[in-house]
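One structure below.
The values are calculated or read from the model by the stated rules, or taken from the named source; none is laboratory data. What you are looking at is a predicted structure, and each value in this text was computed from that prediction instead of being measured. Cβ: placed from backbone, ideal geometry, glycine included. Neighbour counts: every protein chain shown.
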Amino acid sequence: MIKKMVWAIPVSIGAVALAATAIGVGYTQSQKANPYADFYRRPSQPGDTSLIDAYTSAVQLGAKVIVGPGFTQANPIKASASQQYFKNHNTGFLLLDETFGAAPGGYQVASVTYRVSEAGFLAGIALGEYLNYYQSIFAPGTDDRLTYAAWGGGPYATILTFMAGFQQGINYFNNFLIPTINNNKGNSTTKYKPIQQITDKESFAGGFAPQQGTPLAQRLFSGTGTQTWPVYEQGPVTGTSLPEWQNKSAFEDGPVGTGEVPDAVLVVAGPQVTAAIDQLNLNNAKSVIVGVDVAQEEDQALNQPLQKPHVGKDVIANYPVIDGFSKKERQNLAKAFSYKGSEVTQEIIAMIAEISPHKESYDDHMVKFVMQDGNKIYSSYESVQLLNAYKKTLKNLKKDHVCFVMDANTETYITENCKSFK
């Protein structure tokens, strides 16, 4: 019976008790404190040899099961499972996020894969909605297209599956959701547009090191050697296979070099999201990055909000995302925006990205405003009218991503430590 599992996840080496019977081995990128530091071994450096050394170390510490999270551990686990050393110690392996491809029999390996195609499908639909919501930024002309491109670190099953699911989501958005949405818009001059794919001559970076994604990012964000495919020629995607139009042979036969920069780029390559951001900024591209396997939400530098589009005759009117309120709270919020003949101006409303309910120990009924510039405002319903003073407050502000509390009694903005809020 396994009494304890130790995860060897590459980050820092934890002291593993000899009584441990299962040890995980891998690489973690989060900078947060790890409460399970005693339950894993971290390889000395990237590569199969270092991983196998970490497996050996785990067995020496008494592990009976090695847990390997991440598809890059497939080859070293396959190699280790056949070695006499691990057979002599009756070592078992659990491979996560990849299929163990060895023939059955003689191997003590179990593998687990996830239905990432479903997550990719939903992400594809979300991107279609996002690009159309910001249509005045990404497709300001009536004939302009909305486009996306994608690349992965390597042709692993989980990467292929996510990319295929993502394209299925795009296809579903184009073929099924857009007709319904546009039909509901009636005679509106602004209709939703289908999302087309732009491809580079390579679909994979050949690895996951940040610098390996730079050449792809350079070509995509400079529009060098890219091509745009007709939206309805993107055939069905099944299983883990990439569609034909993403193969290099298809690129060589296609309309090479249209020079179009994609509106969005899907990066299924973890740390290469940074390379994408760098090249986006260097080329001053008007694009967004969809990063996979990287904690983008922990890096405010990677999360800069878009400017709100101006509302005009041929532009979708954009308002803050309002979520989490009960029917009664929504009524109170509407009253707060228009109180005693005074209203929060349209100019200020256009500066708000999100509005949600908030609780603190001193007030269960507050409102949280996330502004387009990254600042956050916490307010009672009675103080909402102070939003009209927001631009004046910004004049004396000397830093970004600030948290304020609006106080109706003193009619002031009070700066608070963002960590003090729940």
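Residues of region 278-296 being without any contact (Cβ under 8 Å) to a residue 40 or more places away in the chain and under 22 Å from ALA139 (Cβ atoms), which ones? Of everything in region 278-296, those that are without any contact (Cβ under 8 Å) to a residue 40 or more places away in the chain and under 22 Å from ALA139 (Cβ atoms) turn out to be ASN281, ASN284, ILE289. Among the residues of region 46-94, which ones are over 23 Å from ALA269 (Cβ atoms), out of contact with any strand residue (DSSP E or B) (no Cβ under 8 Å at 6 or more places or on another chain) and part of a loop (DSSP other than H, G, I, E, B)? Correct list: GLY62, SER82, GLN83, HIS89, ASN90. Count of region 390-411 residues, restricted to those that are surrounded by fewer than 17 Cβ atoms within 10 Å (Cβ to Cβ) and not in a loop (DSSP other than H, G, I, E, B), is 4. Of the numbered criteria (1) modelled with pLDDT of 90 or more; (2) under 14 Å from ASP263 (Cβ atoms), the one ASN174 fails is (2). Considering only residues of region 179-225 that are of a type in the set (Lys, Arg) and under 30 Å from PRO271 (Cα atoms), which is modelled with the lowest pLDDT? Looking at residues that are of a type in the set (Lys, Arg) and under 30 Å from PRO271 (Cα atoms), I get LYS201. Residues of region 127-136 include at least one that is at pLDDT 90 or above, of a type in the set (A, V, I, L, M) and either on the phi < 0 side of the Ramachandran plot or assigned by TED's automatic domain parsing to the domain that holds VAL288 (or both).
Checked against the criterion of being in contact with a Ser or Thr (Cβ under 8 Å, 6 or more places away or on another chain), basic (Lys, Arg), crowded, with 17+ Cβ neighbours inside 10 Å and closer than 20 Å to VAL321 by Cα, region 376-386 has no qualifying residue.
Within region 272-286, can one find any residue that is hydroxyl-bearing (Ser, Thr, Tyr), at pLDDT below 75 and either surrounded by fewer than 18 Cβ atoms within 10 Å (Cβ to Cβ) or not in a loop (DSSP other than H, G, I, E, B) (or both)? Checked against the condition, which is being hydroxyl-bearing (Ser, Thr, Tyr), at pLDDT below 75 and either surrounded by fewer than 18 Cβ atoms within 10 Å (Cβ to Cβ) or not in a loop (DSSP other than H, G, I, E, B) (or both), region 272-286 yields no hits at all.
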